[in-house]
Amino acid sequence: MFDLKKYRKKSPWILHYNAGSCNGCDIEILASLAPKYDLERFGVLNTGNPKQSDVFLVTGPVTFRSRERLVELYTQMPSPKVVIAVGSCTCSGGVFRDMYNVEDGIDNYIPVDVYVPGCASSPELIIDGVVKALEILEQKSKEIELPKKLFGTIKEEEGVLNLREMALSVAQKSEQINAQKSEQNEN
Amino acid sequence: MFEIVLILIAPLVGGLMHGSQRVIRARMQNRQGPPLLQPFYDMYKLMDKRAFIVHPYHTILGILHFLTLWLVVALIILGTNLLYVIFLHLLATVFIVLAGFSVKSVFSHLGANRELLSLLAYEPIFIFLATGFYLFFGTYDISVIRENSTAIMTLPLLFIAFLLTIPLKLKLSPFDACEAHQEIVGGVEVEYSGVYFEFLYMAKWLEYIFVFSLLTLFAGDSILFAIALVAVVFLVANIVDNSTARVNIQETVKFLLIWGFGLSILNIIGLSFV
């Protein structure tokens, strides 16, 4: 039997999510997918469907509202998968670091494999990041990777993810956070 | 024996057509594009992924869609009745529509709705196509149609009407509203993942074989003419795909029901005067 693992590298399908970015990096991502830089020559497709994609391209510093969607999308992607943080905001919070509505980078919530710097990252850097991520994707196993926050633990029954319970724990957690915030405001 | 080999390799030929279509589209946009074997690389990758199952019925309907389409292609290659082929193809579409409605996803429902509407648009043309061949040859048998000389001079309007349905069947612009990747995230295929999405992906390859083998019926017994017809139509379909934007589903149905339906009826009426 031939090894299926080496074909992961040849057909990475991309899911792009904007976690509160200024659209600078998004424009550059679209530019790298468009005819001039032509990421499709590596077999890359921009699917827009988490259930069929392998590479998670995230832009933006993760605003308070977008973090649940971020983790939701991450858990909806079947393993093996890689995450690329595109742009300074996504890596560390960038110019928005320590602001009240910003969560300082996606690696507080999900494990990141490749960090692409730049404000905004140039298409060359993004292509470089994607190619680097493909090397990591080839090494990965099919184990489910845990997001760091929000969901706590992955709930799996007979090989099937129980998304409902995971989502319920998110709702409880955000209620707690809201309660804490309102307490702080009263004080 | 030769036919059985053809039936077995039909999905592979469809995959090659899909790959070459992606290459041709890339070259038309002045870029390098993916390798020719890209659909097969995608296939191997999808086999290696974990799969999420919404519920077993949904998954089975997806696999049935693929198997029915394969049966349709097999029946065309074996040269059976044209009406059987067209109605079995309808059954394959019904499977995918049922699969679309069997999950809760809004995009899946939208995709299934659009699939039904496009069925409304192209199915009359297919049935008129069979009728036209019946009026001309006196039989629905594909093997008889293949043995006689070309019917394209007698059925020119039906041929044009059939050409109009090709972008709709192959999910190419301007009639790709029922898939619409960035708009409704692929429609009915939104809830499939891993190896089960693979079946829908291969069904798309078989759709190529189905459409182009129906097209070769117009060429009759001349193999050279059939090859030329497929090559030219394939190229033109790609040029149209590259140079037009997506029209919405209402416009698609309206256009096909006015022009496709009208032209085929004209041709059928005209045949009675010949």
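Take residues that are in contact with a helix residue (DSSP H, G or I) (Cβ under 8 Å, 6 or more places away or on another chain) and aliphatic (A, V, I, L, M) and tell me which of the helices (runs of 4 or more DSSP H) falling wholly in region B:167-274 contain 3 or more.
B:194-216, B:223-243, B:261-271
Does residue B:83 meet the test of being closer than 30 Å to residue B:2 by Cα, surrounded by fewer than 17 Cβ atoms within 10 Å (Cβ to Cβ) and over 18 Å from the mean Cα position of the chain (by Cα)?
No.
Output the residue which, of all residues in region A:19-43 that are crowded, with 18+ Cβ neighbours inside 10 Å and of a type in the set (S, T, N, Q), is modelled with the lowest pLDDT.
A:21
Out of curiosity, is residue B:197 over 16 Å from the mean Cα position of the chain (by Cα) and farther than 24 Å from residue B:143 by Cβ?
yes
Could you figure out which of (1) at pLDDT below 90; (2) surrounded by fewer than 18 Cβ atoms within 10 Å (Cβ to Cβ) isn't true of residue B:240?
(1)
Identify all residues within region A:105-126 that are within 14 Å of the chain's Cα centre (by Cα) and under 12 Å from residue A:61 (Cβ atoms); write none if there are none.
Passing the criteria: A:105, A:106, A:107, A:108, A:109.
Considering only region A:52-90, how many residues are touching a Ser or Thr at 6+ places or on another chain (Cβ under 9 Å), of a type in the set (A, V, I, L, M, F, W, C) and part of a helix (DSSP H, G or I)?
Total meeting the criteria: 1.
Take the residues in region B:42-89 that are of a type in the set (Phe, Trp, Tyr) and within 14 Å of chain A (Cβ to nearest Cβ), then tell me which one is farthest from residue B:108 (Cα to Cα).
Going through the qualifying residues, I end up with B:44.
Determine if region B:91-101 includes at least one residue that is in contact with a helix residue (DSSP H, G or I) (Cβ under 7 Å, 6 or more places away or on another chain), of a type in the set (Gly, Ala, Ser) and closer than 22 Å to residue A:47 by Cα.
yes
Which one is farthest from the other protein chains (Cβ to nearest Cβ), of the residues in region B:1-25 that are buried (at least 18 other Cβ atoms within 10 Å of the Cβ) and small (Gly, Ala, Ser)?
It comes out as B:10.
Suppose we keep only residues that are among the charged types (D, E, K, R) and in a helix (DSSP H, G or I) within region A:91-124. Which one would you say is surrounded by the fewest Cβ atoms within 10 Å (Cβ to Cβ)?
A:124
If we scan region B:14-27, do we find a residue that is farther than 18 Å from residue B:239 by Cα, assigned to a helix (DSSP H, G or I) and in contact (Cβ under 8 Å) with a residue 24 or more places away in the chain?
Yes, the conditions are met somewhere in region B:14-27.
The values are calculated or read from the model by the stated rules, or taken from the named source; none is laboratory data. Values in this document were obtained by computation on a predicted structure and should not be read as measured data. Using ideal geometry, Cβ is built from the backbone for each residue, glycine included, and neighbour counts are taken over all protein chains shown.
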